[in-house]
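Take a look at the structure set out below.
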Amino acid sequence: MPENTIPKEAAYQIINDELMLDGNPRLNLASFVTTWMEPESDKLMMAAINKNYVDMDEYPVTTELQNRCVNMIAHLFKAPLGESEAAVGVGTVGSSEAIMLAGLAFKRRWQNKRKAEGKPYDKPNIVTGANVQVCWEKFARYFEVELKEVNLREGYYVMNPEKAVELVDENTICVAAILGSTLNGEFEDVKLLNDLLIKKNSETGWDVPIHVDAASGGFIAPFLYPELEWDFRLPLVKSINVSGHKYGLVYAGIGWVIWRSKEDLPEELIFHINYLGTEQPTFTLNFSKGSSQVIAQYYQLIRLGFEGYKNVMENCQENAMVLKEGLERTGRFTIVSKDNGIPLVAFSLKDHSRHDEFELSHHLRRFGWIVPAYTMPADAQHITVLRVVIREDFSRGLAERLVLDIEKVLRELDALPPNGKSVKRSADVANCHAALANGHVAKKLETDKKTNAIC
């Protein structure tokens with residue numbers, strides 16, 4: 001900390017100059033998080049920036065707006081509510097906190113049931129796919145729950161419901177399904193998972209439920225795929241989380257978790273406090289937080305309505321198709337993402353003999369584009385992909401320009417000498433495929449640390 005004060009204008013200029021070196025948020029195609037909102041929403045957020053959301057007695061209208069958001073989202077997810085029945089849910093700082101809260105509810109319900117039956121309750125586990133976001137690993141580690149993952153395979157990059165149900169046992173607190181994989185945007189088959197789990201529960205006498213991590217897909221599926229059964233229409237789905245700051249179209253800092261009914265949220269997890277002026281319930285990991293994002297979410301819900309959200313999501317999907325078709329026309333890429341799912345395009349180079357996806361990602365930054373390259377989880381580590389997330393502010397013109405810049409980078413890379421790592425990686429992957437085809441025993445290949453190919 002400096003010893004002396006400086007003029008406010010100087011402090012502003014120093015910080016403003018440094019921030020100019022940050023990337024352009026609109027060209028950050030790695031992120032699912034909203035980077036643009038209407039000026040009217042910005043005004044509402046700035047007007048509420050000094051309101052602490054947790055002071056419900058002092059800011060009762062803000063609390064009411066949150067409750068309205070919970071009710072609207074619960075109805076969007078087909079929660080079985082009566083005509084005047086209030087939904088059960090809460091706003092969070094994002095889907096990570098929402099998942100922690102949902103996981104704690106599942107763990108406590110499982111523990112309570114095991115205690116009542118006189119059975120051990122010290123080894124809970126949760127079943128997911130290896131494609132889950134890191135927040136699930138955090139939940140498992142922080143709250144001492146074993147994480148049982150279904151590994152992926154080449155060409156199938158989401159959790160296999162049949163393999164997931166095979167991992168379920170009497171200590172499973174829930175199975176987590178992903179509506180919109182971070183890796184390739186694909187929706188997992190929650191309906192099939194529900195049906196298989198009903199059958200297993202019936203055969204074993206267990207009562208293993210489902211949580212749907214709809215961080216990305218929760219504000220997409222109801223508008224683009226209304227007939228898809230993934231939500232509370234399925235009886236084993238007990239809770240759903242969604243990120244308001246992704247396709248809920250709000251700046252970073254808002255998520256939601258909705259429970260099917262009051263019975264699915266143990267009362268002992270809810271704290272009641274009165275030192276802020278009146279008795280009020282609280283069930284969050286955080287305490288103090290800003291009100292701006294809650295107000296912004298309410299603005300988007302009433303401003304856009306069902307029609308507006310549907311139009312935005314359809315436009316995102318159309319722009320994703322423009323980008324996908326442009327990449328296919330180059331003849332250089334294999335598309336890894338699906339047409340149905342999150343509006344994104346995940347793609348891999350067909351030929352790794354000279355250069356790889358990491359080089360392409362690096363060179364695109366010269367044009368301002370931030371396009372991530374990453375390897376798939378177990379057992380598909382030998383697959384590397386690039387991913388472009390299509391948000392509301394990513395236009396058709398930007399999609400077409402991105403394809404042109406990718407073609408420029410490819411021509412530049414073609415003129416360079418082959419990258420030694422890429423050549424070795426290409427040989428390793430070929431050897432891996434040959435080993436798998438011949439049924440050889442799995443072994444780790446000595447390969448580039450970035451790819452860490454295993455076959």
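The values are calculated or read from the model by the stated rules, or taken from the named source; none is laboratory data. Just so it is clear, the structure is predicted and the values come from calculations on it, not from any experiment. Positions of Cβ are backbone-derived with ideal geometry, glycine not excepted, and every protein chain shown enters the neighbour counts. Each accessible area value is taken on the protein alone, full model and side chains, heavy atoms only, with ligands, DNA and RNA left out. Shrake-Rupley method; radii C 1.70, N 1.55, O 1.52, S 1.80 Å.
Quick notes on this structure:
- Cα Rg, Dmax (largest Cα-Cα span) when computed across the stretch 216-258, Å: 11.1, 33
- Figure note: M376, M46, M321 ranked by solvent-accessible area, largest first, 1.4 Å probe, ligands and nucleic acids not counted: M46, M321, M376.
- With 0.36 nm allotted per residue and the present C-alpha distance subtracted, the N16-F271 stretch has 87.6 nm of extension available.
- Share of carbon and sulfur in the accessible heavy-atom surface of the chain [1.4 Å probe, %]: 53
- Above-threshold pairs, the threshold being 32 Å between Cα atoms, out of K8/K51; K43/K246; K51/K191: K51/K191
- Among 197-207, 175-185, the peptide with the highest mean count of other Cβ atoms within 10 Å heads the list, and the full ranking is 175-185, 197-207.
- Scaled against the 2.2 N^0.38 Å expected of a compact globular protein of N residues, the Cα radius of gyration of the stretch 41-112 reads 1.33.
- Each residue of the stretch 218-224 was assigned a 3J(HN,Hα) from its phi angle through the Karplus expression (A = 6.51, B = -1.76, C = 1.60, θ = phi - 60°), giving x, 9, 10, 4, x, 9, 9 Hz with x at Gly and Pro.
- Given a 1.4 Å probe and the protein chains as shown, S84 ends up with an accessible area of around 120 Å².
- Here R68 sits with roughly 100 square angstrom of accessible surface, probe radius 1.4 Å.
- Long-range tail of P(r) for the stretch 68-110 (Cα pairs > 16 Å, %): 47
- Relative contact order computed over the stretch 158-295 (Cα-Cα under 8 Å; 6+ residues apart), in percent: 17
- Overall, the ratio between the Cα radius of gyration of the stretch 1-63 and 2.2 N^0.38 Å, rounded to two decimals, is 1.63.
- Low-density loop positions, trypsin sites (Lys or Arg not before Pro), the stretch 264-359 - DSSP coil, at most 11 other Cβ in 10 Å: K350
- Square roots of five times the Cα gyration tensor eigenvalues for the stretch 100-201, Å: 24, 16, 11
- Among the listed values (1) 1.30; (2) 0.98; (3) 1.06, the one computed from these coordinates for Cα Rg over 2.2 N^0.38 Å is (3).
- Each helix, a run of at least 4 DSSP H residues, gives -39500 (n - 2.57); summed and divided by the residues of the chain, these come to -13000 deg cm²/dmol at 222 nm.
- 28 Å Cα-Cα threshold exceeded, pairs from K148/K350; K115/K262; K138/K350; K148/K199; K113/K148: K148/K350; K138/K350
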